[in-house]
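Here is the structure we will look at, set down as structure tokens.
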Protein chains: 2
Amino acid sequence: MKQHPKRSGDIRERLLDAARELFVRQGYDATSVRDITTRAGANLGAITYHFGSKEALYHSVLASVARPLADRVAAAGKSAEGPLDRIEAIVRAFVEHVTTQPDAPSLLVRELPNRRPLPPPLAETMKRNMGAIMDAIVAGQRDGSVRAGDPLLLTLAVASQPFFVGVAGRVLREVGGLDPRDPANRERVAHHAAQAARAAVANPTVT
Amino acid sequence: MKQHPKRSGDIRERLLDAARELFVRQGYDATSVRDITTRAGANLGAITYHFGSKEALYHSVLASVARPLADRVAAAGKSAEGPLDRIEAIVRAFVEHVTTQPDAPSLLVRELPNRRPLPPPLAETMKRNMGAIMDAIVAGQRDGSVRAGDPLLLTLAVASQPFFVGVAGRVLREVGGLDPRDPANRERVAHHAAQAARAAVANPTVT
DNA sequence: TGACAATTCATACGTTCGTATCACATCATA
DNA sequence: TATGATGTGATACGAACGTATGAATTGTCA
């Protein structure tokens, strides 16, 4: 395991952690390399040394956050049998991931309105997640369990649920006094989002 | 109409417009007062003079963008009769507003992950919009047209639809080649989101 | 028209930013 | 233990930032 001559992974990891927390909370521009290195207990030059630049560190953070989410969603998409159950499983996995770790949607959501192209790790995750959902939608339309309509729009209707939960968790907390990170509530929120997603795309003439 | 001794509203308006466009596209931090004043054809000091500070200008922009959306949604919430129709009308109004003018969700979505309190204009609009939806939900639960469940979570399921359309318009365009700003598609997207929202909260035992 | 307030302008100030520089410490290997 | 690569540290640099300042201009009333 010791590829590096020294055990250099230490500060590198701490930089990644500190950067993730700060980027999530304040965004890229509002977070200075001094903020990050101070919080990581590292020297000012550490980011340049380990990552080359602030932006490269940012992309590393994105990758470290987005990849696990996409993996988990992809796994959920393969677990269940029927298309509707698959959709529900995907949404549940998404919500559970996102309520324990809202980093990915927070970061993604800051990038979406930008004009610039999405950073590659985010774009890839987005594609994988929406692809998993759309596959289930198309399969469901074939066997009649999902109602007719543009698969892309139906996918959006499904994806919006868990995504919004991740981003609007703060609203739930402030307006409704309901913290989706609390394990007691998490199951309820996940169940609810999954049900809503299922109902939104299920074929009414069958259900 | 001329409250101001001079017709000073000219540059002031241009500053608001330029700032809105840039804040939407790049966010607050990535937009400098020099960007704004240059684009508005104004002097560097114009923002300080007319608004006092960059942040005050930002809040003015937020108010000018968020207020019309909340007004439109509130009006839509009063137009229809039954709770489900009201929900559908709200979502339609929301989507139509947001596809022609995605500024409000773009700005809001950048603020949501922040730790700091929401800027007042955004918080107020958020409250008004979610309140309008929740009113309809509660009414629908009373008359049985909306299924049982936490009204807050059902509200979230509804609000996520139009909101996500506003934010993910870019994704629709890039992944699916479907531009929701195109009037031809707008109606389809609005209809679709409204249907999805209705299906997500409708009482299945009745429908 | 003359005077005064409102506005626009050019420019300066102090701060913070990301990165570069180069000296120093640490450790594996010979 | 000498050596050389790897990592860490203190500090410097130039650029960009938001705002302040005071002069020049503009427009409106007496």
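Numbers below:
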item: Approximate spin-label separation residue B:127-residue A:115, in nm, with each point projected 7 Å along Cα-to-Cβ; result: 3.5
item: Dipole of the stretch A:74-143, positive end: most advanced residue of A:99, A:117, A:76 [Cβ charges, Cα centre]; result: A:117
item: Alpha carbon centroid spacing (whole Å) that separates the stretch B:82-142 from the stretch B:144-207; result: 12
item: Computed lengthening from residue A:54 to residue A:13, 0.36 nm per intervening residue step minus Cα-Cα distance; result: 13.3 nm
item: Interatomic Cα distance distribution for the stretch B:1-104, bins of 5 angstrom, percent; result: 2, 12, 19, 17, 14, 11, 10, 7, 5, 2, 0
item: Per-residue mean of C-beta atoms belonging to partner chains within 10 Å, peptide A:15-28; result: 2
item: In the protein assembly as shown, lysine pairs with alpha-carbon atoms under 28 angstrom apart (chain gap of 8 or more, or interchain); result: 9
item: Size of electric dipole in the stretch B:25-96: Cβ of Lys, Arg +1 and of Asp, Glu -1, about Cα centre, debye, nearest 20; result: 220
item: In nm, spacing of pseudo-spin labels at residue B:71 and residue B:38 (7 Å Cα→C-beta vector); result: 3.4
item: Charge dipole (the stretch A:3-136, unit charges on Cβ, about Cα centre) - positive-most of A:18, A:32, A:63; result: A:32
item: Förster radius 30 Å - calculated FRET efficiency between residue B:138 and residue B:179 (Cβ-Cβ, nearest 0.05); result: 0.25
item: Peptides B:136-144, A:148-156, B:44-52 ordered by average Cβ neighbours within 10 Å, highest first; result: A:148-156, B:136-144, B:44-52
item: Debye, to nearest 20: dipole size of chain A, +1 on Lys, Arg Cβ, -1 on Asp, Glu Cβ; result: 500
item: Using alpha carbons only: equivalent-ellipsoid semi-axes of the protein assembly as shown, gyration tensor based, whole Å; result: 35, 31, 18
item: Residue mean of other protein chain beta carbons inside 10 Å, B:182-191; result: 1
item: At least 30 Å along the helix axis (C-alpha) and Kyte average at least 0.5, DSSP helices within chain B; result: B:151-176
item: Cβ neighbours within 10 Å from other chains - mean over A:104-110; result: 4
item: Separation of the residue A:187 and residue B:79 label points, Cα + 7 Å toward Cβ, nm; result: 4.3
item: Globularity index of chain B, i.e. its alpha-carbon radius of gyration over 2.2 N^0.38 Å; result: 1.15
item: Overall form of the stretch A:87-207 per C-alpha gyration tensor (a/c, 1.5; a/b vs b/c); result: oblate
item: Mean residue ellipticity (222 nm) of chain B, computed from DSSP H runs ≥ 4 via -39,500 (n - 2.57), nearest 500; result: -25000 deg cm²/dmol
item: Sorted largest first, extent of the stretch A:92-159 alpha carbons per principal axis (Å); result: 37, 29, 16
item: Cβ crowding within 10 Å averaged over residues, with A:168-180, B:184-196 ranked highest first; result: B:184-196, A:168-180
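Values quoted throughout were computed directly from the atomic coordinates according to the rules given, and no laboratory measurement underlies them. Only a predicted model underlies this, so the values are computations on that prediction, with no experimental measurement involved. Cβ coordinates were reconstructed from backbone atoms using ideal geometry, including for glycine residues, and neighbour counts include every protein chain displayed.
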